[in-house]
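Student: Can you keep this structure in mind? I'll have questions shortly.
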Amino acid sequence: MSAIDELRHTIARLRGRGGCPWDQEQTHQSLARCLIDECSELLDTIDRQDMPHMREELGDVLIQVIFHAQLAEESGKFDLEDVAREVNEKLVRRHPHVFGDGKLETSAQVLTQWEEIKAREKGPGAARQPLFKELPPRLPALMYAESVWKQLGKTGFVAESGADAAQVGRLAAGLGDEALGRMLFEIAAAAQSRDLDCEGALRRHADGLMRHVEGRAPKIPATA
């Protein structure tokens, strides 16, 4: 029996008759926070390049994946084999330059091809694709804003964001890791002193930009 199969068996036993009361009570919803916590701990080991603890944290994330698959299997929806089969087929299908006769030279070409194949998979009858790629709703606001800005650049709508390009350029020119940290900390401190929610304010502004650019909201005034 492979190590993966042993882990699947362990989690199934924890969930089964005579198993662990805590594991038996869990649902997809109750485990959602656990998945966020485990991914955060994994990211910390990656940042520190701590390989022994990275292996441990990867295991904790793997527990979450197998646990969710076990819950789905119990409800007759799908199992881990279905998850692995589907994602493997997608990887092969979206990499014809590796598994087929195509040839690509750059990462940019790969990303473009990926999106083109993804669009074809949805078929001609699919609804109009949104201008912005769907972002995970639980993504931290700062990462969310960075992703929105990146997509604005790709779609050529940076000018529509309301940001002063010259001001952004001046900030970027003199910006380093230490200066960035200080600037963000001072913004967070100023917001806290006024009982303002940095996370919520940034997310709302980024959402507003997307709605404006996609024509679903009034024009956002330029930044002072």
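Student: Find all pairs meeting these conditions: Cβ atoms under 8 angstrom apart; at least six residues apart or on different chains; first residue within the stretch 80-109 and under 17 Å from Arg120 (Cβ atoms); second residue among the basic types (Lys, Arg) and part of a helix (DSSP H, G or I).
Tutor: If the second residue must be among the basic types (Lys, Arg) and part of a helix (DSSP H, G or I), the pairs left are Arg94/Lys118.
Student: For the stretch 29-79, give me the residue count where each residue is closer than 18 Å to Ala12 by Cα and either hydroxyl-bearing (Ser, Thr, Tyr) or over 21 Å from the mean Cα position of the chain (by Cα) (or both).
Tutor: Residues in the stretch 29-79 being closer than 18 Å to Ala12 by Cα and either hydroxyl-bearing (Ser, Thr, Tyr) or over 21 Å from the mean Cα position of the chain (by Cα) (or both): 11 in total.
Student: Please enumerate the residues belonging to the stretch 1-17 that are in a helix (DSSP H, G or I) and among the hydrophobic types (A, V, I, L, M, F, W, C). Before the answer, list the steps.
Tutor: Initial filter on the stretch 1-17 (in a helix (DSSP H, G or I)): 3-15.
Within the stretch 1-17, Ala3, Ile4, Leu7, Ile11, Ala12, Leu14 meet the criteria.
Student: Can you confirm whether the stretch 157-171 contains a residue that is surrounded by fewer than 12 Cβ atoms within 10 Å (Cβ to Cβ), in a loop (DSSP other than H, G, I, E, B) and at pLDDT 65 or above?
Tutor: So the first thing to find is which residues in the stretch 157-171 are surrounded by fewer than 12 Cβ atoms within 10 Å (Cβ to Cβ), and the list is 159, 165-167, 169-170.
Subsequent filtering for residues that are in a loop (DSSP other than H, G, I, E, B) retains none.
Checked against the condition, which is being surrounded by fewer than 12 Cβ atoms within 10 Å (Cβ to Cβ), in a loop (DSSP other than H, G, I, E, B) and at pLDDT 65 or above, the stretch 157-171 yields no hits at all.
Student: Out of (1) touching an Asp or Glu at 6+ places or on another chain (Cβ under 8 Å); (2) within 27 Å of Leu139 (Cα to Cα), the odd one out for Arg15 is which?
Tutor: Just one mismatch for Arg15, condition (2).
Student: Another question about this same structure. Could you please find all residues in the stretch 188-207 being out of contact with any Cys (no Cβ under 6 Å at 6 or more places or on another chain), under 16 Å from Met143 (Cα atoms) and of a type outside the set (D, E, K, R)?
Tutor: The answer is Cys198, Gly200, Ala201, Leu202, His205, Ala206.
Student: Please determine, by comparing only the residues of the stretch 192-224 that are more than 26 Å from the chain's Cα centre (by Cα) and in a helix (DSSP H, G or I), which one is modelled with the lowest pLDDT.
Tutor: That would be Gln192.
The values are calculated or read from the model by the stated rules, or taken from the named source; none is laboratory data. These numbers were taken from a predicted model, which means no experiment stands behind them. Here the Cβ is made from the backbone with ideal geometry for all residues, glycine too, and neighbour counts use every protein chain on show.
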